[in-house]
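J.: Please see the structure below; I have some questions.
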Amino acid sequence: MTPIKNCILNKDTSFNPIWLMRQAGRYLPEFREIRKKNTNFIKLCLNPKLSEEITLQPIDRFGFDAAIIFSDILMLPYGLGQEVEFKKNFGPNLGKINLDKFVKLNDELLTNKLSPIYDLLKNLSNNEKIKNKDLIGFVGAPWTLLVYMINKVSPKNGLSNTFFKDPFLINNLLSILDKFIKIHIKNQVNAGATIIQIFDSWAGLIKTDFDKFLYKPTLSLVDYTKKLGVPVICFPRGITNYLEFCKNVKPSMINIDYNIDPKSLIDNIDIPIQGGLDPKILLTDSENLKNEVTKYLEIFKDYPYVFNLGHGILPETQIETVEELVKIVRNFK
């Protein structure tokens, strides 16, 4: 059995698998070379040949225990027909929402539009380089996709004042997202994904109606994914109550962010844990890196744990630091 699936399904504690969120990305010089020649991010995500090369770059360099496909959670709004553009030094910029268009969309149209992503997974599942590794597909959680689709830009400075002013739009979008995220999950699993991760990058913005925006929509996806026979990892970044989340949503594994005290979790939940380390630690010196990484490994020594970060690896991270990180994890006894 592949390392992460073994950790999740058998709760194996004899080995700490390692992979990093955004491991195929801007900190890699070979990725930057490809990106220079391919300035349209959406087109790059829809190029199975280049996406496969990018997905495998961190595997070639560091021998991580999982490959996560090079794609983006906003490929789903794109698949629905909303305009999505990634602007340099700005981030995503989304167009107007056309509910009538979304309602008329069927499974086949979405599948055809996003078919290069499924081709990428098929290619990877047959690639010898990840023969004994996990192949992770992913989706954005309904709340986070709702935020991007209505806010139209990254909510780094919070949501627009008008965000909650149209309950009809919100309720309809949540229903549409539930349907089409499930199709996207099913297509990824059918194409070879052995694990699905649900990214709720903006879960921390939810202040009320947790059932409506966080627990129920995510549980719906978790139950669906489990029925497909595939483990599902949830990453509700920025929430303050991981215990409540796990109790309500019941993922196969929970990915924690760096604001949570890992010790507070292990006595209170009974599912495997992933992540936690602040990505900024990788920008500090060797001694600090070793201390912080070892802290997590010690805490989870007798607990099923996958080493990862508490958010995506930062673009300014040095290759040598990642090599050192992998070494620390691999040599930990």
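J.: Can Ile176 be described as β-branched (Val, Ile, Thr), under 19 Å from the mean Cα position of the chain (by Cα) and surrounded by 17 or more Cβ atoms within 10 Å (Cβ to Cβ)? Write out each step before concluding.
T.: Values: β-branched (Val, Ile, Thr): yes; under 19 Å from the mean Cα position of the chain (by Cα): no; surrounded by 17 or more Cβ atoms within 10 Å (Cβ to Cβ): yes.
Here the answer is no, as Ile176 does not meet what is asked.
J.: Right, next: Exactly one of (1) under 15 Å from Ile150 (Cα atoms); (2) assigned to a helix (DSSP H, G or I); (3) under 22 Å from the mean Cα position of the chain (by Cα) is unmet by Asp119. Its number?
T.: Status for Asp119: all satisfied but (1).
J.: Turning to a different aspect of this structure: What are the residues in the range 232-280 that are surrounded by 23 or more Cβ atoms within 10 Å (Cβ to Cβ) and small (Gly, Ala, Ser), if any?
T.: Within the range 232-280, Gly275, Gly276 qualify.
J.: Right, here's the next one. Among the residues of the range 63-89, write down those that are without any contact (Cβ under 8 Å) to a residue 40 or more places away in the chain and assigned to a helix (DSSP H, G or I).
T.: Result: Tyr78, single match.
J.: Which of the residues spanning the range 220-256 are farther than 17 Å from Ile185 by Cβ and assigned to a helix (DSSP H, G or I)?
T.: Within the range 220-256, Tyr242, Leu243, Glu244, Phe245, Cys246, Lys247, Asn248 qualify.
J.: What single numbered condition from (1) crowded, with 17+ Cβ neighbours inside 10 Å; (2) within 28 Å of Leu219 (Cα to Cα); (3) of a type in the set (Ser, Thr, Tyr) fails to hold for Thr321?
T.: Of the numbered conditions (1) crowded, with 17+ Cβ neighbours inside 10 Å; (2) within 28 Å of Leu219 (Cα to Cα); (3) of a type in the set (Ser, Thr, Tyr), the odd one out for Thr321 is (2).
J.: I'm told Pro262 meets every condition in (1) in contact with a helix residue (DSSP H, G or I) (Cβ under 6 Å, 6 or more places away or on another chain); (2) in contact (Cβ under 8 Å) with a residue 24 or more places away in the chain; (3) closer than 21 Å to Gly140 by Cα except one. Can you identify the failing condition by its number?
T.: (3)
J.: Which members of the range 206-219 meet the condition of being surrounded by fewer than 22 Cβ atoms within 10 Å (Cβ to Cβ) and touching a residue at least 60 places away in the same chain (Cβ under 8 Å)?
T.: Listed by number, the list holds a single entry, Ile206.
J.: Filter the range 190-204 down to the residues that are buried (at least 18 other Cβ atoms within 10 Å of the Cβ) and at negative phi and list them by number.
T.: Those that are buried (at least 18 other Cβ atoms within 10 Å of the Cβ) and at negative phi: Ala191, Ala193, Thr194, Ile195, Ile196, Gln197, Ile198, Phe199, Asp200, Ser201, Trp202, Ala203.
J.: Continuing with the same structure: Looking for something crowded, with 21+ Cβ neighbours inside 10 Å and either among the hydroxyl-bearing types (Ser, Thr, Tyr) or more than 26 Å from Lys5 (Cβ to Cβ) (or both) - is there at least one such residue anywhere in the range 149-159?
T.: yes
J.: Anything in the range 281-333 that is more than 25 Å from Asp12 (Cα to Cα) and part of a helix (DSSP H, G or I)? List them, or say none.
T.: Within the range 281-333, Ile281, Leu282, Leu283, Ser286, Glu287, Asn288, Leu289, Ile319, Glu320, Thr321 qualify.
J.: Can Phe164 be described as modelled with pLDDT under 95 and hydrophobic (A, V, I, L, M, F, W, C)? Show your work before the answer.
T.: Values: modelled with pLDDT under 95: yes; hydrophobic (A, V, I, L, M, F, W, C): yes.
Yes, satisfied.
J.: Kindly provide the set of residues from the range 155-206 that are closer than 26 Å to Thr111 by Cα, out of contact with any Lys or Arg (no Cβ under 8 Å at 6 or more places or on another chain) and polar (S, T, N, Q), ordered by number.
T.: Asn171, Asn172, Ser175, Asn187, Gln188, Asn190, Gln197 - these are the residues of the range 155-206 that are closer than 26 Å to Thr111 by Cα, out of contact with any Lys or Arg (no Cβ under 8 Å at 6 or more places or on another chain) and polar (S, T, N, Q).
The values are calculated or read from the model by the stated rules, or taken from the named source; none is laboratory data. Keep in mind it's a predicted model, so treat the numbers as computed, not measured. Using ideal geometry, Cβ is built from the backbone for each residue, glycine included, and neighbour counts are taken over all protein chains shown.
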